[in-house]
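This report refers to the structure that appears directly beneath it.
The values are calculated or read from the model by the stated rules, or taken from the named source; none is laboratory data. Bear in mind that the values here come from a model prediction, so they are computed numbers and not experimental data. In this analysis, Cβ positions are derived from the backbone assuming ideal geometry, glycine residues included, and neighbour counts consider all displayed protein chains. Ligands, DNA and RNA are stripped out before the accessible areas are found, and what is left, the full protein with its side chains, is counted by its heavy atoms. Shrake-Rupley method; radii C 1.70, N 1.55, O 1.52, S 1.80 Å.
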Amino acid sequence: MKFGLFRAGMVFLFSFCLIMPGGSSGADRREQVEAYLLRVARIDWRIRRAALKDCPVSAMRPGFVLDARSAYRAGKEARLPDLPWVIGFTDMAAADGALLPGDEIREIERVPVSQLMQGPDGQVLPEHILAHIDRMMPQASYRLEVQRAGHVHLVDVPARALCPGLTIVKQGRRGDAFSDLRNVAITTGLLDGLASDDAVAFIIGHELAHTIFADSRKGPLSRRDKESRADLYGAHIAACAGYDPAKAIEALAVVRSMNVGGLSLTHRPYKVRQQAIAQYLSVLPDCQAAFTGRPGEK
C-alpha cells in the first residue's frame, strides 16, 4: 500500500524543479524557490536529528543546502555547465565561515558533483547529492572542493548524525505530503497554508513515521492504525525537536480545509485525530526513550 498523510503516493526523489507561476523574473522565482528549500531543509534537519534514536540506521550529513541550474527548466534547456551552489545552512556548525553562501561545489570527498547529482532515474539534480552522501562512509567531516570568486578552495565541513532520507519540496497548489520507505515530499501549496514552522514540523514528523515504521509494507496494523501512530509520532518528534507540538491541531485543520472529503477511507475523522493528539500531549513526551505510540485509538 502507498502511504501519505494527505494523499496516497510515493516519493522517488522528486525534483526541486519548482516552476513558479506568474510573471515574475527568473531571479524572483529562484528566490521564492530557495525560500521554500531553506524553510523545509532547516525543519527537516531538526526533526531527523531528534528522530535518530527511532531510526533503524543513521547517516552522517553536512548541514548545507544546495541549489543548481539543473533544478530549473531554463537551466536544463540551456545545458550549461552545472555546479550546485550553497544557499544556506541547516546546522550552525556548518556555517562557521569555512563554507559560504554562494560557494559552488566542485567535488565532495574527491567525487565530482556531476556524479553525485546523477540520480537512479537518470535525472541530474542537486538533491541527489545528499542521497549519495548518506551512502558514503560515515565521517565526522567532509572535504569539499569549492569555487569562490573564481578561485578554488578546499574546505572541511562538519557532519552530524541524523535519520537518512530527504524531505523534498514539490510544486503544487494542493495541500499534500507523502512518503515512501525513505523520503518525504511536501507541496508548496501546503507550505503556504501552514503559517508556522511548528505545524510544518508535525507534517514532516508524521511522514517520517511512515518511513521509520515501514508503513508501506504489510503488517499487523490497519491503514488507519498506522496513520494514527504517525499522528502521535509527528507531535512527539516535533516536541523533541523543540517545536510546539500543539500546532499539530492547527496543521490538521489546514489539511482538512484543503482536502475536504479526501481521506475518509484511510484516516480517522479529523476531530478524532485532533483529540488523540491532545490526549497524547497531556503527558510530556519522553524524548530520551524510543517512541511507543498508541495506534488504534477510536
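Ligands, DNA and RNA left out, the accessible area of the range 82-223 computed with a 1.4 Å probe is 52% carbon and sulfur. Taking amide hydrogens as placed 1.01 Å from N in the peptide plane, the amide H of residue 66 sits under 5 Å from those of 87, each at least 5 positions away in sequence or on another chain.
Shown in residue order for the range 219-224 are the 3J(HN,Hα) couplings computed by the Karplus curve 6.51 cos²θ - 1.76 cosθ + 1.60 at θ = phi - 60°: x, x, 7, 6, 4, 5 Hz (x for Gly and Pro). In this simple spin-label approximation, residue 246 and residue 93 carry label points 7 Å from Cα along the Cα→Cβ vector, and these lie 3.3 nm apart. With the convex hull of its Cα atoms as the shape, the range 95-157 has an orientation-averaged projected area of 4.6 nm².
The simple spin-label model puts a point 7 Å past each Cα toward its Cβ; for residue 282 and residue 35 those points are separated by 4.1 nm. Name the shape class, rounded, prolate or oblate, that the alpha-carbon gyration tensor gives for the range 38-179, where a ≥ b ≥ c are the square roots of its eigenvalues, rounded holds for a/c under 1.5, and otherwise prolate holds if a/b is larger than b/c and oblate otherwise. Verdict is oblate for the range 38-179. Fully extending the segment from residue 292 to residue 100, taken as 0.36 nm per residue of separation minus the present Cα-Cα distance, adds 65.0 nm.
Which shape class applies to the range 146-220: rounded if a/c is under 1.5, otherwise prolate when a/b exceeds b/c and oblate if not, where a ≥ b ≥ c are the square roots of the Cα gyration tensor eigenvalues? Oblate, because a/c is 1.5 or more while a/b does not exceed b/c.
Dipole check for the range 179-259: with +1 at the C-beta of Lys and Arg, -1 at the C-beta of Asp and Glu, and the Cα centre as origin, the magnitude is about 440 Debye.
Note that the range 138-233 presents 36 Å² accessible area per residue, ligands and nucleic acids not counted, probe 1.4 Å.
The relative contact order of the range 159-298 comes to 23 percent, based on Cα pairs under 8 Å that sit 6 or more residues apart. Please say if the range 126-183 is rounded, prolate or oblate, where rounded means a/c under 1.5 for a ≥ b ≥ c the square roots of the C-alpha gyration tensor eigenvalues, and otherwise the choice is prolate for a/b larger than b/c and oblate otherwise? Note, shape of the range 126-183 comes out oblate.
Over the range 145-292, the alpha carbon radius of gyration divided by the compact-protein estimate 2.2 N^0.38 Å works out to 1.19.
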